[in-house]
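Comments concern the structure below.
The values are calculated or read from the model by the stated rules, or taken from the named source; none is laboratory data. Quick caveat, the model's predicted, so the values are computed rather than measured. Cβ coordinates were reconstructed from backbone atoms using ideal geometry, including for glycine residues, and neighbour counts include every protein chain displayed.
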Amino acid sequence: MGVLEDKGRARLFYKYLSTVYDRINPLVWNEEMRDEALDRTGIEAGDRVLDVGCGTGFGTEGILQHTDDVHGLDQSIHQLEKAWAKFGKTDQVNFYRGDAERLPFDDNRFDHYWSSGSIEYWPNPVDAIEEARRVTRPGGTVLMVGPDAPTTSLFGKIADAIMLFYDSDEADRMFREAGFTDLTHVIMQANPGSPRAIVTVATVPKE
Ligand SMILES: C[S@@+](CC[C@H](N)C(=O)[O-])C[C@H]1O[C@@H](n2cnc3c(N)ncnc32)[C@H](O)[C@@H]1O
């Protein structure tokens, strides 16, 4: 398990990273990638959407272009403070401080679930994916973006020592273990040579 797959360490990491996050993030996850991912969710006007690991609100901002019922959750107060400065605490978006692995919401509360760039910090990603399924209504979509596994074994070992990197086989395993059967993965990249993102879109089964 990577050094940042620990909730306390991830919180400390984001205490410092939050000050420069919005300047660094576009190097690996930009508006074009986010908007392409959003187009795969089927979010419609009026849908209630949860953004988990919302951070400073980059994904949140994209979701707001599709619907105005948006809820953002993050475990880092420092990241949330940046998001509040953009959207207000409860004006455009309802924000919550909480944990992806123990969501403070009733079953089937949301039409869609979105999480970009957060799964790599979760110690128990399958638990969090189960939570995503629980809070999203049957037929809704769960979209998760994470770092695609490096192709060379040296970079792979370094990456694994830091946080979770995974390929589509591993994404398949995690989502199936969490109860999903209908899922697709797509790889996105900001520029040739920059780190790749793996985007998984899964439909919540109708039981
Ligand atoms: C790379 S940022 C992504 C922010 C935003 N979603 C985006 O697309 O730019 C990762 C975020 O996940 C949050 N995070 C990490 N572990 C978490 C957990 N267990 N529960 C909730 N949020 C978590 C961090 O605090 C951080 O704000």
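Do any strands (runs of 3 or more DSSP E) lying entirely in the range 98-194 carry at least 3 residues that are within 15 Å of the ligand (Cβ to nearest atom), and which ones are they?
In the range 98-194, the matching strands (runs of 3 or more DSSP E) lie at 110-116, 136-147.
Only one of these is in contact with a Phe, Trp or Tyr (Cβ under 9 Å, 6 or more places away or on another chain) and part of a loop (DSSP other than H, G, I, E, B): Gly62, Gly55, Gly72. Name it.
Sole residue among the options that is in contact with a Phe, Trp or Tyr (Cβ under 9 Å, 6 or more places away or on another chain) and part of a loop (DSSP other than H, G, I, E, B): Gly55.
Give me the pairs: first residue in the range 5-16 and more than 14 Å from Gly55 (Cβ to Cβ), second residue modelled with pLDDT under 90 and near the ligand (Cβ under 10 Å from one of its atoms), beta-carbon distance under 7 Å, and six or more apart or on different chains, which are they?
Within 7 Å, the pairs are Glu5/Met163.
Looking only at residues in the range 64-87 that are under 20 Å from Arg134 (Cβ atoms) and touching a strand residue (DSSP E or B) at 6+ places or on another chain (Cβ under 6 Å), which one is nearest to the ligand (Cβ to nearest atom)?
Gln75
Just one of (1) within 30 Å of Glu207 (Cα to Cα); (2) within 12 Å of the ligand (Cβ to nearest atom); (3) under 16 Å from the mean Cα position of the chain (by Cα) trips up Glu36, so point out which.
Unmet for Glu36, out of (1) within 30 Å of Glu207 (Cα to Cα); (2) within 12 Å of the ligand (Cβ to nearest atom); (3) under 16 Å from the mean Cα position of the chain (by Cα): (2).
Could you tell me whether Thr90 is in a loop (DSSP other than H, G, I, E, B), within 8 Å of the ligand (Cβ to nearest atom) and among the β-branched types (Val, Ile, Thr)?
no
Given the criteria within 16 Å of the chain's Cα centre (by Cα) and of a type in the set (Asp, Glu), does Glu120 qualify?
In short, yes.
Could you please find all residues in the range 20-36 being touching a helix residue (DSSP H, G or I) at 6+ places or on another chain (Cβ under 8 Å) and in contact (Cβ under 8 Å) with a residue 12 or more places away in the chain?
Tyr21, Asp22, Asn25, Trp29, Glu31, Arg34, Asp35
Filter the range 13-32 for residues that are more than 10 Å from the ligand (Cβ to nearest atom) and aliphatic (A, V, I, L, M) and give the result.
Listed by number, the residues that qualify are Val20, Leu27.
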